[in-house]
Each structure stands twice: as C-alpha cells, then as structure tokens.
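See structure below.
The numbers here are math on the coordinates, done by the rules we state, and not lab data. Given the structure is predicted, the values throughout are model-derived calculations rather than measurements. Positions of Cβ are generated from backbone atoms using ideal geometry, with glycine treated the same way; all protein chains shown enter the neighbour counts.
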Amino acid sequence: MPKHVPLRSCVACRESKPKRELIRVVRVADDRIEIDRSGKKNGRGAYFCPAQECFESGQKRRALNHALDITVSPANWDELFTYARETLPVHKVPTRIPAMAGQVVRPIKRLQGFPPGGDPSGTRNAAGTRSKGREER
Ligand SMILES: [Zn+2]
C-alpha cells in the first residue's frame, strides 16, 4: 500500500500536488506573507508550485489575496519573488504524484480500427428503416 500523501493545491494554477512538493506561504502578523520553509508555521497558509510562474500568476490573479484574505503589498510580493527567483525554476515541472504510483493509470484504449465490414454507423443507417432487422440474424 502506498503511504498516504497529503495533497494540496496551488493557489495560482490549482494543481494538486503532494504537500511537501509545494511551497507553503503563511500569513503572519502585520498582514504579511512569509515563505514557510518548514511547512509548519502557524497561521493561514497557502501553497504554490515550486515555480516562479505560479508566484507570478498568484499575484496577477490575486489568488493569494483571496486564499488568505489579505492584500499582499508590492514590497511583500517582492520578497516572495526574490525567494522564488533564487530558489525556483521559472516553469513548473510536470508532477508525478507518489500517492498514485501504486495505481497504474492505464491510457484509454483507442479502437485500432472498426471491425471488418467497415463503418458500423453506415450499416446502422442502412438498417434504420427496419429497426427489428437484427432479429433476422
Ligand atoms: Zn501552480
């Protein structure tokens, strides 16, 4: 059994990821936001993907403001961006969720071709005038 991995979603892009792969920010005193490196600070928290782009869209979309019920000041955003620029890639990388590693996600099987005889819908149309035609077989 895979261990339960708590998931959180990024406030900017809404993707769910394991909590520990996300960057937690927390609302601290004086209506400020701080990066919560430990992930354990008290206070209302929100999560970002570890990518500069999510911090940026979080600002543009005011996602963080909504999530934490706060108006993050430009200076405060600068601090967050500075952190993001120093430690994070610009773009997020595709995630693999370990919680799902045990579950094989099978790609949806595509029909490789219609059964011999051609387009079934054409057959149906041809038989459409007599709906009970199937019973003749
Ligand atoms: Zn994100």
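Scoring D36 on the criteria (1) among the charged types (D, E, K, R); (2) in contact with a Ser or Thr (Cβ under 9 Å, 6 or more places away or on another chain); (3) touching a residue at least 12 places away in the same chain (Cβ under 8 Å) leaves a single failure, condition (2). For region 30-85, the set of residues classified as acidic (D, E) and touching a Lys or Arg at 6+ places or on another chain (Cβ under 8 Å) consists of E34, D36, E53, D69, listed by residue number. Within region 1-52, the set of residues being farther than 24 Å from D78 by Cβ and among the charged types (D, E, K, R) comprises K3, R8, R14, E15, K17, K19, R20, E21, K40. Within region 1-22, restricting attention to residues that are more than 20 Å from Y83 (Cα to Cα) and in a loop (DSSP other than H, G, I, E, B), the residue that is nearest to the ligand (Cβ to nearest atom) is E15.
Out of the residues in region 23-68 that are in contact with an Asp or Glu (Cβ under 7 Å, 6 or more places away or on another chain) and part of a strand (DSSP E or B), state the one that is farthest from the ligand (Cβ to nearest atom). Quick ask: steps written out before the conclusion?
Within region 23-68, the first condition is being in contact with an Asp or Glu (Cβ under 7 Å, 6 or more places away or on another chain), and the residues that meet it are 24-26, 28, 45, 49-50.
Still in the running and part of a strand (DSSP E or B): 24-26, 28, 45.
Values: R24: 13, V25: 12, V26: 17, V28: 22, G45: 15 Å.
The extreme case among them is V28.
Figure legend. Inter-residue proximity from region 1-24: first residues closer than 20 Å to S38 by Cα, second residues assigned to a loop (DSSP other than H, G, I, E, B) and not small (G, A, S), beta-carbon distance below 6 Å, spacing 6+ or different chains. Indicated pairs: R8/L22; C10/C49; K17/T95; P18/V5; K19/P6; I23/P50.
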